[in-house]
1. Residue by residue through segment 1-43, note down the ones that are among the acidic types (Asp, Glu) and either without any contact (Cβ under 8 Å) to a residue 12 or more places away in the chain or open to solvent by 30 Å² or more (accessible area, probe 1.4 Å) (or both).
2. Going by the structure shown, is Val79 closer than 22 Å to Ser159 by Cα, in contact (Cβ under 8 Å) with a residue 12 or more places away in the chain and not basic (Lys, Arg)?
3. For segment 393-407, how many residues are over 20 Å from Tyr222 (Cβ atoms), assigned to a loop (DSSP other than H, G, I, E, B) and modelled with pLDDT of 95 or more?
4. Please enumerate the residues belonging to segment 212-229 that are within 21 Å of Val403 (Cα to Cα) and open to solvent by less than 80 Å² (accessible area, probe 1.4 Å).
5. Is it the case that segment 120-137 has a residue that's open to solvent by 20 Å² or more (accessible area, probe 1.4 Å), touching a residue at least 12 places away in the same chain (Cβ under 8 Å) and closer than 17 Å to Val13 by Cα?
6. Somewhere in segment 280-294, is a residue open to solvent by less than 30 Å² (accessible area, probe 1.4 Å), in contact with a strand residue (DSSP E or B) (Cβ under 9 Å, 6 or more places away or on another chain) and within 20 Å of Leu420 (Cβ to Cβ)?
7. Taking the conditions exactly as written (modelled with pLDDT under 95 and either more than 24 Å from Lys6 (Cα to Cα) or in contact with a strand residue (DSSP E or B) (Cβ under 7 Å, 6 or more places away or on another chain) (or both)), does Val146 satisfy them or not?
8. Can you say whether Asn73 is in contact with a helix residue (DSSP H, G or I) (Cβ under 7 Å, 6 or more places away or on another chain), farther than 26 Å from Arg170 by Cβ and open to solvent by 10 Å² or more (accessible area, probe 1.4 Å), as far as the supplied structure shows?
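The values are calculated or read from the model by the stated rules, or taken from the named source; none is laboratory data. All values derive from a computational prediction rather than experimental measurement. Using ideal geometry, Cβ is built from the backbone for each residue, glycine included, and neighbour counts are taken over all protein chains shown. Surface accessibility is based on the protein's heavy atoms, side chains included, excluding ligands, DNA and RNA. Shrake-Rupley method; radii C 1.70, N 1.55, O 1.52, S 1.80 Å.
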Amino acid sequence: MSQSKKVLVYSHVPLWSVHHAETIEIVNSLVHSGHEVFLLSCLGDLASCPANPTKDKFVCNLCSQQTTYSKSNLLPLNVNHLILNLSEECDIQEMPTNFEGFRDFEYEGVPIGKMVLSQLVDELQDIYVEESILQKRGKREILSAVKLYKKTLSIIRESDIDEVYVWNGRRGCDGPVLYAGISEGKRVFSHISGSTPEKYAIFPEGGIHSTRIRMQLIEDYYEKNTVGELKNKYFKDGSDFFYRQRYTGQTDLAAQWFGGNFETNNVDYFHTDRKKLVIFTSSYWEWIAASGVEVPNDFRDPYNLLNTLIHDSNILEDYEIIIRWHPNLVNAGKHERRRMKEILSSDHDVLQFEPESNVDSYQLLLQADLVLTFGSTLGIEATYYGKTSVVAGPCGYMGLNSVYEPKDFRELKNLLRQNLTPKPILNAIKYGSWNVNYGQIYEYVKYDDQSRDYELFGKRIKSKPKKNLRLQIQRMNFHFHRKLPRLMNRR
């Protein structure tokens, strides 16, 4: 057995059973390996969390019930339970006041502002966060994130912690825990769902959103699984990823699949002798403010970039352009919807398909001479189908040499002027095969196919809330109001 360590595990989304299962597995695995575990749980002190962005008291109560249930039924008796207390005063000399200020705000070298923006942009599904929201909610989140960082530092020092585990780590309600560990020179790990419900994934150095770590994992998987009899399965899995991405959507637990709504026909969408350029947009809030991901200045506002591209006379002279707006943008916030409508209605010689369109994105891709994406998976899918692919902005396959990656608008224009050749299909296969297989199989927690939920030694991971009429009414109101903004945005 390895030398015993003191390990801090942070739990703040116990209501999301798919991620709480990861926490339960990690704690049980560490304890059974002889390590001393400190489980830090939030009972309502955070300004908000992904499972409860509005900090609804009812949801906080449900979360507390789940934490109590887990302590009594799912965790070893010798776990040290810590309750997050952020009551200590914290003075921040200069609070940011606008988006750029938030993006650049750091506390003791920790990108607190980026983490808070990542949380807000993701919740609003809008990269244009109103200053009124930043002034009120944003400042509360920054204060909460700084307090979380300082509290975690204190725990690490007082309990002499050796390692830290956190789910995800990109938001202001979880990232500061990772950075506290990094600041103290400790080993830190972030965890997420694996490639199938039976798996979970642990990333070293908190590297879920680190291009360097992700690419290293992909290359390591390639080296280990392309020898002997493993080779055939490796390449089959890589091809299966792209087949599923196009035809079934069974590739990623967290991804939405839109292909089932596509209408395939034999229409030729291009009508000139110019080169054929298809631009696939993305749902930008998923990447635009993520800490650990550097977005070039020219690509920070993809709507401005797109508008510049389609009004550039040199580009229009060389290319016939089609824009396929990402289907997930039907859920975009009001400001992104406004910017999209401005581009849709502007005067230019470009064919556009709105998010609601059922045009087959793959039919457009296969007709293209060159594909330009702003982060969509279709960028690397284009490479798999033998197309020249350029990506302007952050994406999950950066650094894999699977697409051309310009660093600014000038470099992007230069690339578009060249006779580019497609990147190696092998690099797309690497991405696909890893995505089909990443993560490790649960040892203690089990996934039940029938209930589509998790259990530990026959006990459900998800607790059953206490039943009474008031709680049921509150729950109905909570779910209705959570869905209402999205329904309003679809108008």
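1. Residues of segment 1-43 that are among the acidic types (Asp, Glu), as a first pass: 22, 25, 36.
Selection gives Glu36 alone.
2. Numbers: closer than 22 Å to Ser159 by Cα: yes; in contact (Cβ under 8 Å) with a residue 12 or more places away in the chain: yes; not basic (Lys, Arg): yes.
So Val79 passes the test.
3. Kept after step one, since they are over 20 Å from Tyr222 (Cβ atoms), are these residues of segment 393-407: 393-394, 404, 406-407.
Keeping just the survivors that are assigned to a loop (DSSP other than H, G, I, E, B) gives 393-394, 406-407.
Next, only the ones that are modelled with pLDDT of 95 or more stay: 406.
Adding up the residues that qualify gives 1.
4. Selection gives Ile213, Arg214, Met215, Leu217, Ile218, Glu219, Asp220, Tyr221, Tyr222.
5. Keep residues of segment 120-137 that are open to solvent by 20 Å² or more (accessible area, probe 1.4 Å), which gives 122-125, 128, 130-133, 135-137.
Filter once more, keeping what is touching a residue at least 12 places away in the same chain (Cβ under 8 Å): 122-125, 128, 130-131, 133, 135, 137.
Now restrict to residues that are closer than 17 Å to Val13 by Cα: 122-123.
Within segment 120-137, one or more residues are open to solvent by 20 Å² or more (accessible area, probe 1.4 Å), touching a residue at least 12 places away in the same chain (Cβ under 8 Å) and closer than 17 Å to Val13 by Cα.
6. Yes, because at least one residue in segment 280-294 is open to solvent by less than 30 Å² (accessible area, probe 1.4 Å), in contact with a strand residue (DSSP E or B) (Cβ under 9 Å, 6 or more places away or on another chain) and within 20 Å of Leu420 (Cβ to Cβ).
7. Working: modelled with pLDDT under 95: no; either more than 24 Å from Lys6 (Cα to Cα) or in contact with a strand residue (DSSP E or B) (Cβ under 7 Å, 6 or more places away or on another chain) (or both): yes.
Considered against the rule, which asks whether it is modelled with pLDDT under 95 and either more than 24 Å from Lys6 (Cα to Cα) or in contact with a strand residue (DSSP E or B) (Cβ under 7 Å, 6 or more places away or on another chain) (or both), Val146 comes out as no.
8. On the way: in contact with a helix residue (DSSP H, G or I) (Cβ under 7 Å, 6 or more places away or on another chain): no; farther than 26 Å from Arg170 by Cβ: yes; open to solvent by 10 Å² or more (accessible area, probe 1.4 Å): yes.
It is false that Asn73 is in contact with a helix residue (DSSP H, G or I) (Cβ under 7 Å, 6 or more places away or on another chain), farther than 26 Å from Arg170 by Cβ and open to solvent by 10 Å² or more (accessible area, probe 1.4 Å).
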